Amino acid sequence: MVRVLAPGSFDPVTLGHVDVFERASRLFDVVVCVAHNSGKAPLFDVTTRVRLVQEATAHIPNLQVISASALSVDVAIENGCSAILKGVRGVLDLEWEQTQAWLNADLAGVETVWLPASRDFLPVSSSIVKQLAAADGDLTAFVPDGVACALRAERKDS
């Protein structure tokens, strides 16, 4: 089966991410790459983000979770992935991802595959989840249970 790399910060992983991974896993073997991004100040460290993604995707047998700080195309090649998988919520996501797809193809000949977000998860983003968590909102419809617990614990520690 074709292997794809699904890179992202996943800070935190949402039910929208998990939905994309589940649907992609019916088509491909999926390698989720939790990215180290020095340009961002994540809520959770990489080790915690990897653990949360692993817990949220444990039911998907042909999915593995890694972390990396290299370019996505390099991580894809190193892990035998022939394409990069991206979920898109709308036109703005698609415009950004199109630019990235051209760059990845030019740099390393790695193609990009997009899966549209399911309607149920269109409004869900990690940023919105963090804002909702900071306001002590109900996270049930947006993140896996383990992520909701981690967000509550993080809020108590702050």
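Worth a mention:
- Only one of 105, 70 that is open to solvent by 30 Å² or more (accessible area, probe 1.4 Å), over 20 Å from residue 23 (Cβ atoms) and part of a helix (DSSP H, G or I): 105
- When the residues of region 18-36 are filtered to those that are open to solvent by 50 Å² or more (accessible area, probe 1.4 Å) and modelled with pLDDT of 95 or more, the one that is nearest to residue 132 (Cα to Cα) is 22.
- Restricting attention to region 75-102, the residues being at pLDDT 95 or above, within 14 Å of residue 20 (Cα to Cα) and open to solvent by less than 30 Å² (accessible area, probe 1.4 Å) number 2.
- Listed by first and then second residue, the pairs linking a residue in region 15-26 that is farther than 15 Å from residue 139 by Cα to a residue that is open to solvent by 50 Å² or more (accessible area, probe 1.4 Å) and at pLDDT 95 or above, with Cβ atoms under 9 Å apart and 6 or more places separating them unless they lie on different chains, are 22/59; 25/61.
- Of the residues making up region 37-64, those that are free of Cβ contacts under 8 Å to residues at least 40 places away in the same chain, part of a loop (DSSP other than H, G, I, E, B) and under 23 Å from residue 128 (Cβ atoms) are 37, 39, 40, 41, 42, 45.
- From the options 42, 61, residue that is touching a Lys or Arg at 6+ places or on another chain (Cβ under 9 Å) and either of a type outside the set (S, T, N, Q) or within 16 Å of residue 14 (Cβ to Cβ) (or both): 42
The values are calculated or read from the model by the stated rules, or taken from the named source; none is laboratory data. For clarity, every value in this text was computed on a predicted model and none was experimentally measured. As a convention, Cβ positions derive from the backbone with ideal geometry for all residues, glycine included, and neighbour counts pool all protein chains shown. For the accessible areas, the whole protein counts, side chains as well, though only heavy atoms, and no ligand, DNA or RNA atoms are used. Shrake-Rupley method; radii C 1.70, N 1.55, O 1.52, S 1.80 Å.
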